[in-house]
Amino acid sequence: MTTQVTLIPGDGIGPSISNATVRLLAAAGADIEWDSQVAGMAGVARFGDPIPDATLDSIKRTKLALKGPLETPVGEGYRSINVALRKTFDLYANVRPAYSILPGGRYENLDLVLIRENTEGLYVGVEHYIRVGDDPRAAAESMAIITRAGSERIVRYAFEYAVKHGRKKVTLVHKANILKFSQGLFLDTGRMVARDYAGSIEFEERIVDAMAMNLVLHPERFDVICTTNLFGDILSDQISGLVGGLGLAPGANIGANGAIFEAVHGTAPDIAGKGVANPGALMLAACMLLDHIGQTERAKRVRRALEQTIREGKTVTRDLGGNASTEEFTDGIIAKL
Ligand code: NAI
């Protein structure tokens, strides 16, 4: 059955890596019908809005999107793209897998997934200054809001992800020893959810500072990691670093009302229009989309072809140590399908 997916090619290198990804998926026989929409600067150019209603309407209809990197316009009066998407589709789970593809890296055979709570914690935007005497900004307060419902759905998502993807263990990362109320609620709720999976998925707890060290010393000990917003933001980039940086890092934002898949990197303005961008991260994001819609065998084939091409190293882009163009790299992967 054909699945309709909203495609947002994006800004900078976005259109070029999106074209490459769409071409690869077509070659792999993916049953997808793309509804191409604009956002970012392309949205401003066409509709005066970085996240036009037509784009939101398309995702409301398809409930699925593949998104290239977007440039956030500077200046007042523009809606924040990420906030609009997160709010409209209640994208509560940020999923960031990291596994070793590049040979010769510091760690071989890593295969981790970090699941970050995306809507609560210190990022809720409840902040204010406090006046002391005649200094209006003598102090500042930022509120970390954690709810039982929000904690339960993210930890449950992590366990369900583990079950669906044949993974063995969920590590819950927290700082409940110091933040006894907010992080304590997250930990208590996590422990409760974990009981439902006892005997099928292993559960462990780690304090975030010890976790940061352990990820460097023994990353192979971890499998699925679940944590709150700020810690997830930091640790997800850390695990990308363990496998060679953001160049091959995909991400998914999953919500009650939709799922949006993207490359973690930005629009790369320094190389935009030169035809040398690495489309790998967006291709891996597209594989997450294929998994999500049940086309898992196709996702496996695409990943295998991409991995072989990178390990061979003959037709890879500059950032991977080669001199192939985006298109030549894509042709190389298609030839291996
Ligand atoms: P960036 O990720 O665009 O670039 C950082 C460096 O990595 C640059 O040297 C770039 O050439 C390189 N790079 C990134 N992706 C690459 C690829 N696929 N192939 C080869 N090289 C690649 O980060 P930067 O420069 O901080 O941000 C540029 C713009 O992107 C900003 O407007 C920012 O707001 C936006 N951005 C958007 C994101 C999104 O929509 N998800 C995420 C991050 C940044």
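The table that follows gives values for the structure above.
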| read-out | value |
| --- | --- |
| Sequence-separation-based contact order of the range 230-337, relative, with Cα cut under 8 Å and 6+ spacing, percent | 20 |
| Length-normalised contact order for the range 104-143 - Cα pairs under 8 Å, 6+ apart - percent | 30 |
| 4 °C / 1.567 mPa s Stokes-Einstein diffusion coefficient of the range 1-62, Kirkwood radius on C-alpha pairs, µm²/s | 106 |
| Sulfur and carbon atoms: percent of accessible area, the range 110-170 [1.4 Å] | 52 |
| Diffusion coefficient, µm² s⁻¹, Stokes-Einstein with Kirkwood Rh over alpha-carbon pairs of the range 1-104 at 10 °C and 1.306 mPa s | 106 |
| Range of Cα positions in the range 98-244 per principal axis (Å), largest first | 58, 39, 23 |
| Per-peptide average of other Cβ atoms within 10 Å, ordering 65-72, 277-284 highest first | 277-284, 65-72 |
| Among Leu215, Leu112, Leu179: highest mean-square fluctuation, GNM of the chain, C-alpha pairs under 10 Å | Leu179 |
| Pairs of Cα atoms farther than 25 Å apart, the range 196-301, % | 35 |
| Total lysine pairs under 16 Å (Cα atoms) in the chain, excluding pairs fewer than 8 apart on one chain | 5 |
| Of every Cα-Cα pair in the range 41-151, the percent that sits beyond 17 Å | 71 |
| Selected from Val243, Val170, Val74 as most flexible by GNM, with the chain as the system and alpha-carbon contacts under 10 Å | Val74 |
| Selection from Ala198, Gly332, Ser16, by position along the positive dipole direction of the chain (Cβ) | Ala198 |
| Listed residue (Ala277, Ile310, Thr227) projecting farthest to the positive dipole end of the range 224-337, Cβ model | Ile310 |
| Size of charge dipole - the range 98-244 - debye, nearest 20, with Cβ of Lys, Arg +1 and Asp, Glu -1, no other charges | 340 |
| Mean Kyte hydropathy of 1.0 or more with a Cα span along the axis of at least 15 Å, helices from DSSP in the chain | 280-292 |
| For the chain, built as a Gaussian network whose Cα springs stay under 10 Å, the top-fluctuating residue of Pro219, Pro250, Pro97 | Pro219 |
| Average accessible surface area per residue within the chain, 1.4 Å rolling probe, Å² | 46 |
| Carbon plus sulfur fraction of accessible area for the range 233-333, probe 1.4 Å, in percent | 48 |
| Relative contact order [Cα under 8 Å, 6+ residues apart], the chain, whole percent | 22 |
| Intensity falloff of the chain expressed as log10 I(q)/I(0), Debye formula with alpha-carbon point scatterers, at q = 0.06 Å⁻¹ | -0.22 |
| Local electrostatic count at Asn229 - Lys and Arg +1, Asp and Glu -1, tallied over other residues with Cβ under 12 Å | -1 |
| Measure of compaction for the range 126-192 (Cα Rg per 2.2 N^0.38 Å) | 1.61 |
| Size of the range 234-291 as Cα extents on the principal axes (Å, biggest first) | 38, 25, 17 |
| Helix-only CD estimate at 222 nm, as mean residue ellipticity for the chain, using -39500 (n - 2.57) per DSSP H run (n ≥ 4) | -12500 deg cm²/dmol |
| For peptides 23-32, 298-307, sequence by mean Cβ density within 10 Å, most packed first | 298-307, 23-32 |
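The values are calculated or read from the model by the stated rules, or taken from the named source; none is laboratory data. Remember, predicted model here, so these are calculated numbers, not experimental data. Cβ sites come from the backbone with ideal geometry, for glycine too, and all protein chains shown count toward neighbours. The protein model used for the area step is the full one, side chains on, heavy atoms only, and it has no ligands, DNA or RNA in it. Shrake-Rupley method; radii C 1.70, N 1.55, O 1.52, S 1.80 Å.
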